[in-house]
Amino acid sequence: MGLLVEFGEIYHPSINNAVLAFDQAFAAGRPTGVIECVPTFRSVLIRFDPIELEFDALEGHVANLLDKNDWYGSDAPSGRKHWILPTVYGGARGKDLGEVADLMNMREDQVVDSHAEASLTVAMLGFSPGLAYLGQLPDVWQFSRRTKVTPSVPAGAVLVAVRQVVLPCTPIPTGWRQIGQTPFRSFDVSAKKPFLLSPGDQVQFEPVSETAFQAFEMSDFLRTSPP
Amino acid sequence: MTGLEILKITPSATVQDRGRVGFLRFGVTGGGAMDAYGLAEGQVLLGNGPDDAAIEFAEFGGEFRAIAPVQVALSGAEMTAQLNGHPVAWRRTVALSAGDVLNIGAAKTGVYGYLHVGGGFQTDVVLGSRSTHLRAGFGHVLAVGQKITAGSDRIVQERALPAPNTFESREIRAMWGPQSHYFSEETRAAFSAATLEVLPARDRMGICLSSSAGKIKSATGLSIASDAINLGDIQVTGDGTPTALLADRGSSGGYPRIATLITADLGPFAQLRTGSKIGLRMVKRSDAVQALDKFRRKINGLPKLLMPLVRDPWRMDDLLSYNLVDGVLRGDEDDAN
């Protein structure tokens, strides 16, 4: 059974910040019978076993915790990591860069600069395993998704629309536009820690050459990242 | 080592166990058997553990050859089944000898049937589960020629379970949820009173329904951001089609969800054949909890329903292959002394 704690209806950094702060605070004193919590853009879904933990008890616990803090104005969750992800922009790895530049009325190099300068937050993971939604890009990135779905984009595709970045860990169909690709993989099922990016983590993209992309080794990268 | 070699298989057949828990925040839904009770039947028949994996069939089965002696059981939706060309009953243990061929055909009732081996199928464990989740990239499509290893077999006495009455349900229970208010009271009343038909667009991800009350309208100008989708949520897409989201659903979505099917009724719902007509019965939270408790007791009570099978010689058409005289005394053994 689920109890949904909603902080708003839309994606906004202050709503998402409240979600992430509440999720962390709830986890610190999680009552027995809670199965898992799912922080998203705007809400936290608490999945629980209603026979082990009565709904009223959980609701009371949540109400108490909600009263304890101004969640919208709370500090960013502690322990979050800062990732710098090497990315090849444009060309075969970012075939929609030209189209995005047209939408933004900018040159391709200006688009890349704007994207790589942005300090982004992992707002949530969802849709497919480890896929990260990152926000929030500057206003100029406010354009919608395509109505036509691209049947498949590769793992590591850097996808953009609605001032957000989507970073899939597996090939997915998508209506988002691909401006680049990173060799970084947030999800590796065989790794000791299968998921690297967590909700709340900070991410910045760093333009690199195709040669650097080819030479990238996850194990080397993880020796120094996150710093 | 024993197990089964796949001789024929349908693409919709997958290895499933109870599914994954705890990875929804990373975008990974539970997966797992579409009919938890059906899965548990086979586990109980063979004395397997609750986390052991079986092959789940959707409407059609496949053909399997025993690599070495192995005990198997068939559970869930009853399908036609033959052992070396002779009919074999559903919901019982079957001892296979090396080379025996088990053929599983079409479902006679329901949709999802399960083939178990003693000790469970030993496929790779991914994030705590053997459940295949093709959209997520976990597990593989089963292929002809593939050999699937069985775990250590306990060899139980031949036994059977009675068939449950959960196929062809006419009523499925549901609860209103946190997004129900995006639909007007009239829309909700019409939806919950309507007859819902199971459409052909269905798989492990979800089941599309058509409502006798017509397309469902959600409030206009709706632009809620994506959040977590719970098991059994009924989302309404832009064209007004309600879809119940099941084991292999995406973890999050932005379409408003009008209601949620209760956990206890997810198995019977998944077992509904395409074209089935059902009604929803909206229940209170306390009723859903009570139903869940009852459902768990039913699964935990399965061992008590086991019936030992006594062989009837007149129904054994391969009578000569059975060793019926082992240990029989002549009666004059003592005379020699």
- What FRET efficiency do you get for A:T147 and B:Q157 if R0 is 56 Å and r is their Cβ-Cβ distance, rounded to the nearest 0.05? 0.35
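May I ask you to order B:84-95, B:27-38 by the average number of other C-beta atoms within 10 Å around their residues, highest value first? Walk me through the numbers on the way to the answer.
Values: B:84-95: 15.1, B:27-38: 25.7.
Top to bottom by mean Cβ count within 10 Å: B:27-38, B:84-95.
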- From fewest to most C-beta neighbours within 10 Å, the residues A:M1, B:M1, A:M104, A:M124 line up as B:M1, A:M104, A:M1, A:M124
- Working note, the protein assembly as shown: Cα radius of gyration (Å, one decimal) and Dmax (Å, whole number) are 27.0, 111
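Taking other Cβ within 10 Å of each residue's Cβ, how do B:L7, B:L306 sort, fewest first?
On the way: B:L7 14, B:L306 18.
With the fewest neighbours first, B:L7, B:L306 line up as B:L7, B:L306.
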- Message: I need the phi-derived Karplus couplings for the range A:19-33: 6.51 cos²θ - 1.76 cosθ + 1.60, θ = phi - 60°, integer Hz, Gly and Pro marked x.
- Response: 4, 5, 5, 5, 4, 5, 5, 5, 4, 5, x, 4, x, 4, x
- What is the average number of partner chain Cβ atoms found within 10 Å of a Cβ in A:47-54? 3
- Item | Two-site FRET efficiency, A:D139 against B:E5, from Cβ-Cβ distance with R₀ of 56 Å, rounded to 0.05 | 0.40
- When the Kirkwood hydrodynamic radius is evaluated over all pairs of different C-alpha atoms of chain B, what value in angstrom, to one decimal, is obtained? 21.5 Å
- Step through the table entries B:K217/B:K277; B:K277/B:K298; A:K95/A:K148; A:K95/A:K193; B:K8/B:K304, compare each Cα-Cα distance with 24 Å, and write down the pairs that go over it. B:K277/B:K298; A:K95/A:K193; B:K8/B:K304
- Query: So if R0 is 56 Å, what FRET efficiency would A:S209 and A:I35 give, r being the distance between their Cβ atoms, rounded to the nearest 0.05?
  - Reply: 0.80
- Query: So between A:N69 and A:A57, what do we pick up on full extension, going 0.36 nm a residue minus the alpha carbon distance?
  - Reply: 2.3 nm
- The ³J(HN,Hα) series, computed from each phi in the range B:194-203 with the Karplus coefficients 6.51, -1.76 and 1.60 at θ = phi - 60°, rounded to the nearest Hz and given as x for glycine or proline, is 6, 8, 10, 10, 6, 8, x, 6, 7, 6
- Shape metrics for the range A:114-186, restricted to C-alpha atoms - Rg then Dmax, Å: 11.4, 30
- Message: Output the 0 to 90 degree angle, nearest 10, between the alpha-carbon long axis of helix A:55-67 and the longest principal axis computed from the alpha carbons of chain A.
- Response: 70 degrees
- Query: If you place +1 on the Cβ of every Lys and Arg and -1 on the Cβ of every Asp and Glu, how big does the dipole about the Cα centre of the range B:1-158 come out, in debye to the nearest 20?
  - Reply: 260 debye
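From other protein chains only, count the Cβ atoms within 10 Å of every residue's Cβ in A:32-45, then give the mean.
For this peptide, the per-residue mean of nearby foreign Cβ atoms is 5.
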- Item | Among A:161-173, B:261-273, the order from most to least packed when residues are scored by Cβ within 10 Å on average | B:261-273, A:161-173
- Query: Highest GNM mean-square fluctuation, chain B, Cα pairs closer than 10 Å: which of B:G118, B:G253, B:G76?
  - Reply: B:G253
- Message: Which aspartates and glutamates, if any, have their Cα less than 15 Å from the Cα of B:K294, not counting same-chain residues under 8 positions apart?
- Response: A:D49, A:E52, B:D265
- Task: Could you list which residues have their amide H under 5 Å from that of B:T195, counting only those 5 or more apart in sequence or on another chain, with H placed in the peptide plane?
- Result: B:S212, B:A213
- Task: With a 10 Å radius around each residue's Cβ, average the other Cβ atoms per peptide and rank A:37-47, B:241-251, highest first.
- Result: A:37-47, B:241-251
- With the charge dipole of the range A:41-89 built from beta-carbon charges (+1 for Lys and Arg, -1 for Asp and Glu) about the Cα centre, the Cα from A:L65, A:S43, A:H82 projecting farthest to the positive end belongs to A:H82
- Length gain on complete extension for the stretch A:E9 to A:A28, per 0.36 nm per residue less the alpha carbon to alpha carbon distance? 4.3 nm
- Message: When a/c reaches 1.5 or more, the comparison of a/b and b/c decides; with that in mind, is the range A:73-227 rounded, prolate or oblate per its Cα gyration tensor?
- Response: rounded
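Please report, in debye to the nearest 20, how large the charge dipole of the range B:218-300 is about its Cα centre when each Lys and Arg carries +1 at its beta carbon and each Asp and Glu carries -1 there. Walk me through the numbers on the way to the answer.
On the way: 11 positive and 7 negative charges, 95 e Å.
Value, rounded to 20: 460 debye.
The numbers here are math on the coordinates, done by the rules we state, and not lab data. Small disclaimer: the values here were computed from a predicted structure and weren't measured. Neighbour counts run over all protein chains shown; Cβ positions are idealised from the backbone, glycine included.
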